[in-house]
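For reference, the structure discussed in these notes is given below.
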Amino acid sequence: MPFRLPRPIVLVALLVLLIALLAFAISHLNGPAVRTLAVERGDIRQSVVASGKVRSPQRSELAAQISGQVRSVAVVEGQAVTPGEVLLTLDDRELRAARAQAAAQLAQAELRLQQLQQLVEPLNQESQRQAEATLTQARQNYQRVETLVARGFYSPNQLDEARRALTVAESQFAASRLQAGSNARGGSDYRLAQNNVAQARANLALAEARLAYTELVAPRAGTILSRQAEPGDSVQPGKTLLTLSPAGDTELVVQIDEKNLRWLALGQAALVSADAWPDRHFPARVNYIGPAVDPLRGSVEVRLLVPEPPEYLKEDMTVSIDITTGERRDALLLPLEGLRGTAGEPWVLAVRDGVAVRQGVRLGLRDAG
């Protein structure tokens, strides 16, 4: 005899099945349930956040200009220095000797010029007067002998002797004039002596300049950041020995993604915190935007000026920078997850009379959400 369910149970099962079918039909008839987003009015702040470094605007890499051996280093890392303060010295014995030699050569050249002025020139003038007197006497003697030979009192040989004496006197007079002109002011010997003095002075200045290269001095006030030389080290020209952070304005250097470049402008305010002290914040302001984009990193260099840097801020310290690129009061706020078509014409699905319709929108500022 076959088994049969009681009639009330069958009726209940059919009723449950009917309700399930009805719920399935209603759900498909109305469509799937969709979560809506509320549009509100409020304040919005747009910002660009990045990580950067603390840097002095004119960091100085101090290097030697000559080869040599380090004799002493007068500063340590972190030490404050004043303009003109001696920071490092090289062995200067050889260059001191070169300066002494150049000074001696200058003294010798000046003495030679002084000798021309005080002794040689007067002697040449006296010698010229003597040669002129001798020439006058030789001419008179020649004329007298010539007259006597014509009258038969002297022989022709005596006239030849008088002529030779006159020729010698003329030659001596010409030589004395040349010598006097050469040694006189403006003459060749005088100009040569002047040139020797000028050259000796230049050699002394060169020796003193090279001697000055043995001392590395602070070009301006600041703080020593690094020290790469110790006494006894041999150094070459151009090798960095000390790094100086000049006293003055403090800058923050940060690389900003090029997609945010359109939001940046000079003078924008920023809030900064050092990674070592994340709970402490200080203000900064954008004062430089690089003219070109780094092709390898796809970023642009931005510098911010810190008007009042905190005392704990150190060179090359990592900082987090929040640059305010825009603010609006009482703006219409839409959650970003509801935005569509951001690559072209932006739009949203707006609910009107229970129906979702496409609505174009014009975008303004945006923040993280």
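The values are calculated or read from the model by the stated rules, or taken from the named source; none is laboratory data. Everything numeric here is computed off the predicted structure, so don't read it as measured data. For neighbour counting, all protein chains shown are included, and Cβ atoms are generated from backbone atoms with ideal geometry for every residue, glycine included. Surface accessibility is based on the protein's heavy atoms, side chains included, excluding ligands, DNA and RNA. Shrake-Rupley method; radii C 1.70, N 1.55, O 1.52, S 1.80 Å.
Do we find that Glu77 is under 20 Å from the mean Cα position of the chain (by Cα), surrounded by fewer than 18 Cβ atoms within 10 Å (Cβ to Cβ) and acidic (Asp, Glu) in this structure?
no
Does Glu258 qualify as being closer than 24 Å to Val319 by Cβ, of a type in the set (Asp, Glu), without any contact (Cβ under 8 Å) to a residue 60 or more places away in the chain and in contact with a strand residue (DSSP E or B) (Cβ under 7 Å, 6 or more places away or on another chain)?
yes
I'd like the full set of residues that are more than 17 Å from Val48 (Cα to Cα) and either out of contact with any strand residue (DSSP E or B) (no Cβ under 7 Å at 6 or more places or on another chain) or open to solvent by 50 Å² or more (accessible area, probe 1.4 Å) (or both), limited to region 298-307.
Within region 298-307, just Pro307 meets the criteria.
State whether the residues of region 314-334 include one that is open to solvent by less than 90 Å² (accessible area, probe 1.4 Å), touching a Pro at 6+ places or on another chain (Cβ under 8 Å) and polar (S, T, N, Q).
yes
If I ask for residues that are touching a strand residue (DSSP E or B) at 6+ places or on another chain (Cβ under 7 Å) and open to solvent by 40 Å² or more (accessible area, probe 1.4 Å), which ones from region 266-280 would you list?
Hits for region 266-280 are Leu266, Ala269, Leu271, Asp275, Arg280.
Given the structure, is Asp160 of a type in the set (Asp, Glu), at pLDDT below 80 and touching a Ser or Thr at 6+ places or on another chain (Cβ under 8 Å)?
No.
Yes/no per residue for (1) out of contact with any Pro (no Cβ under 9 Å at 6 or more places or on another chain); (2) of a type outside the set (A, V, I, L, M, F, W, C):
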position: Gln236; (1), (2): yes, yes
position: Thr240; (1), (2): yes, yes
position: Pro246; (1), (2): no, yes
position: Glu251; (1), (2): no, yes
position: Val254; (1), (2): yes, no
position: Asn260; (1), (2): yes, yes
position: Leu271; (1), (2): no, no
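Would you confirm whether or not region 57-72 contains a residue that is open to solvent by 80 Å² or more (accessible area, probe 1.4 Å), modelled with pLDDT of 75 or more and among the aliphatic types (A, V, I, L, M)?
Within region 57-72, none of the residues are open to solvent by 80 Å² or more (accessible area, probe 1.4 Å), modelled with pLDDT of 75 or more and among the aliphatic types (A, V, I, L, M).
Pull up region 337-369, narrow it to residues that are at pLDDT 75 or above and within 21 Å of Arg262 (Cα to Cα), then point me to the one that is most open to solvent (accessible area, probe 1.4 Å).
My answer is Arg362.
For region 239-257, name all the residues that are more than 15 Å from the chain's Cα centre (by Cα), within 18 Å of Glu61 (Cα to Cα) and among the aliphatic types (A, V, I, L, M).
Across region 239-257, the qualifying residues are Leu241, Leu242, Ala247.
Kindly indicate whether any position in region 38-52 is open to solvent by 40 Å² or more (accessible area, probe 1.4 Å) and under 25 Å from the mean Cα position of the chain (by Cα).
yes
Please find, among Pro283, Pro310, the residue that is open to solvent by 50 Å² or more (accessible area, probe 1.4 Å) and either touching a strand residue (DSSP E or B) at 6+ places or on another chain (Cβ under 6 Å) or closer than 18 Å to Ala50 by Cα (or both).
Going through Pro283, Pro310 in turn, just one is open to solvent by 50 Å² or more (accessible area, probe 1.4 Å) and either touching a strand residue (DSSP E or B) at 6+ places or on another chain (Cβ under 6 Å) or closer than 18 Å to Ala50 by Cα (or both): Pro283.
Just checking, how many residues over region 198-256 are of a type in the set (S, T, N, Q), crowded, with 18+ Cβ neighbours inside 10 Å and in contact with a helix residue (DSSP H, G or I) (Cβ under 9 Å, 6 or more places away or on another chain)?
Total satisfying the criteria: 2.
Output the qualifying pairs, or none if there are none: Cβ atoms under 8 angstrom, residues six or more apart or on different chains, first residue in region 29-40 and within 14 Å of Val348 (Cα to Cα), second residue at pLDDT below 70 and open to solvent by less than 100 Å² (accessible area, probe 1.4 Å).
Leu37/Gly338
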